1. Mind counting the residues in segment 61-78 that are outside any strand (DSSP E or B) and open to solvent by less than 50 Å² (accessible area, probe 1.4 Å)?
2. Is it the case that segment 79-87 has a residue that's free of Cβ contacts under 8 Å to residues at least 24 places away in the same chain, part of a loop (DSSP other than H, G, I, E, B) and in contact with a strand residue (DSSP E or B) (Cβ under 8 Å, 6 or more places away or on another chain)?
3. Looking at segment 97-117, I want the residues that are in a loop (DSSP other than H, G, I, E, B) and have a partner that is open to solvent by 90 Å² or more (accessible area, probe 1.4 Å) with Cβ atoms under 8 Å, at least 6 apart or on another chain. Which pairs are those?
4. Which of the residues spanning segment 9-60 are within 16 Å of the ligand (Cβ to nearest atom), under 18 Å from Trp106 (Cα atoms) and either open to solvent by 30 Å² or more (accessible area, probe 1.4 Å) or part of a loop (DSSP other than H, G, I, E, B) (or both)?
5. Checking the condition without any contact (Cβ under 8 Å) to a residue 40 or more places away in the chain and over 17 Å from Ser6 (Cβ atoms), which residue from Glu56, Glu29 passes?
Amino acid sequence: MGEVRSYRGSCHCGKVAYEATADLSSVMECNCSICGRKGALMAFVPAESFRLLSGEGATTDYQFGKKAIHHRFCPTCGIHAYAEGQRAGKPMFMLNVRCLDGVDPWALSVNRVDGKSR
Ligand SMILES: [Zn+2]
């Protein structure tokens, strides 16, 4: 376990912004059909660790397949700053670590997940 810290995330234009506490000691990169296209680095946090500051009801909500996850996109700049869904039956949010202020994605330990083969 690493250090749990507070972060602020946003899309590029600033319409979508959030605060979240997360442990970034290991972040996930996945090669599935959507993650591969997004190119996001992800960190998962429980719903209580996430607070949307702006963009409520404004994001484009994309769902596919089992429709378990809401992939949120800013309608103005197109950036995917977070997604929401469930993990082990509990509401969770998936942060795009590349959208967090003050985080150097190149300094993080990246766990590659082969979602494509699942
Ligand atoms: Zn935006």
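The values are calculated or read from the model by the stated rules, or taken from the named source; none is laboratory data. Worth saying up front: this structure is predicted, and the values here are computed from it rather than measured. We place every Cβ from the backbone using ideal geometry, glycine too, and count neighbours over all the protein chains shown. To get the accessible areas, we keep the full protein, side chains included, count just its heavy atoms, and leave off ligands, DNA and RNA. Shrake-Rupley method; radii C 1.70, N 1.55, O 1.52, S 1.80 Å.
1. 3
2. no
3. Asp101/Arg8
4. Once the filter is applied, which keeps residues that are within 16 Å of the ligand (Cβ to nearest atom), under 18 Å from Trp106 (Cα atoms) and either open to solvent by 30 Å² or more (accessible area, probe 1.4 Å) or part of a loop (DSSP other than H, G, I, E, B) (or both), segment 9-60 yields Lys38, Ala40.
5. Glu56
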